[in-house]
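The values are calculated or read from the model by the stated rules, or taken from the named source; none is laboratory data. Quick caveat, the model's predicted, so the values are computed rather than measured. Using ideal geometry, Cβ is built from the backbone for each residue, glycine included, and neighbour counts are taken over all protein chains shown.
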Amino acid sequence: MACSGMKRFEGKVVIVTGGSNGIGAATARKFVAEGAYVYIADIDEEGGVKVCQELDGNASFVKCDVAIETHVKGVVDRAVEEKGHLDIMVNNAGMLHAHGNSITEVSVETWERVMAVNVTGAMLGMKHAARVMIPRNSGSILFTCSVLGLMKTENASHGYIASKNALLGLMKSGAVELAKLGIRVNAVSCLGILTKMLQEWLDEVSNGMCPKEVFEDELQRNATNGRKLTVDDVANAFLFLASDEASYINGHNLMVDGGYSVHGRDMVNFKDPPRH
């Protein structure tokens, strides 16, 4: 039995890729609040260092492009060298792109970069996390997916849709292989949240025609519970899946979308967004 007052992740070591802002930063903060030590792996050094400073010595920033294997291996090796082990790997880093929503306009260069970050980066995270988790017969590997891994909406790019579908397949194949080695692999798929990355995408795909407030109102309207999704909602899902309470959950894609995937309407009509 755990000691009274003991935090859920006391003594655990966590890596969060893409942890400098948005969902990743919220996830890092919540793990630290529950007793974990977190390594934030990201290309955004300024944002990552800022988050680490907020976490008062309970997090470290490591500059990392997840599409480069030596970077990912280096983050994992550093965690093990400094803390002795790795318990949880959150493969959260990802990217959107707005250029070429039509299949006839897709840039191969953009397509390959999206796949490199969203899919190859997650594969490398699972590969190197598993490498150090297998000897301990213990660990949790998590992926940030999307409702768009289950459906296609009019304004979502082919590259992003394909990458999120691929992530779900990667999660399932990893779950089957690693379960017998004591490692659980799961994913969280969420509705859109207007993080910095999504704001940049919104401005481009709507040609500045869709104000932030309109987009957020439309997301809230499309959730069956009528509530706006927050980064903390998604972070809470990651903490649950990584916790002992979820010890029998493996190969699962946890939907955190307020029921949006039940009906799957387009999020916003960018050509004629509603006005309030």
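Brief remarks on what is shown
- Within segment 78-116, tally of residues that are touching a residue at least 40 places away in the same chain (Cβ under 8 Å) and among the charged types (D, E, K, R): 3
- Checked against the criteria, Gly48 does not count as in a loop (DSSP other than H, G, I, E, B) and not hydrophobic (A, V, I, L, M, F, W, C).
- Segment 45-56, residues that are at pLDDT 95 or above and either closer than 27 Å to Gly5 by Cβ or surrounded by fewer than 19 Cβ atoms within 10 Å (Cβ to Cβ) (or both): Glu45, Glu46, Val49, Lys50, Val51, Cys52, Gln53, Glu54, Leu55
- Screening Val62, Val72, Val106 for residues that are among the aliphatic types (A, V, I, L, M), more than 25 Å from Glu177 (Cα to Cα) and modelled with pLDDT of 95 or more leaves exactly one candidate, Val62.
- Qualifying position, being surrounded by fewer than 21 Cβ atoms within 10 Å (Cβ to Cβ), at pLDDT 95 or above and small (Gly, Ala, Ser), among Ala79, Ala116: Ala116
- Residue match in segment 12-19 (condition: surrounded by fewer than 24 Cβ atoms within 10 Å (Cβ to Cβ) and either within 20 Å of Lys164 (Cβ to Cβ) or touching a helix residue (DSSP H, G or I) at 6+ places or on another chain (Cβ under 6 Å) (or both)): yes
- Per the listing Phe215, Phe270, the residue uniquely modelled with pLDDT under 95, over 18 Å from Val14 (Cβ atoms) and in contact with a Cys (Cβ under 7 Å, 6 or more places away or on another chain) is Phe270.
- Residues (touching a Ser or Thr at 6+ places or on another chain (Cβ under 8 Å) and either more than 23 Å from Arg184 (Cβ to Cβ) or not in a loop (DSSP other than H, G, I, E, B) (or both)) located in segment 83-101: Ile88, Met89, Val90, Asn91, Leu96, His97, Ala98, His99, Gly100, Asn101
- Looking only at segment 241-267, and only at residues there that are out of contact with any strand residue (DSSP E or B) (no Cβ under 8 Å at 6 or more places or on another chain) and at pLDDT 95 or above, the one that is surrounded by the most Cβ atoms within 10 Å (Cβ to Cβ): Ser243
- Residue count for segment 33-59 under the criterion of being within 17 Å of the chain's Cα centre (by Cα), among the aliphatic types (A, V, I, L, M) and more than 12 Å from Val90 (Cα to Cα): the result is 2.
- Of all residues in segment 11-32 being more than 17 Å from the chain's Cα centre (by Cα) and assigned to a loop (DSSP other than H, G, I, E, B), the one that is nearest to Arg136 (Cα to Cα): Lys12
- Of the criteria (1) farther than 24 Å from Leu229 by Cβ; (2) in a loop (DSSP other than H, G, I, E, B); (3) among the basic types (Lys, Arg), which one Arg8 fails: (1)
- Residue within segment 63-70 that is within 21 Å of Phe143 (Cβ to Cβ), buried (at least 22 other Cβ atoms within 10 Å of the Cβ) and in contact with a helix residue (DSSP H, G or I) (Cβ under 8 Å, 6 or more places away or on another chain) present: yes
- Residue in segment 23-46 that is in contact with an Asp or Glu (Cβ under 8 Å, 6 or more places away or on another chain), aliphatic (A, V, I, L, M) and in contact (Cβ under 8 Å) with a residue 60 or more places away in the chain present: yes
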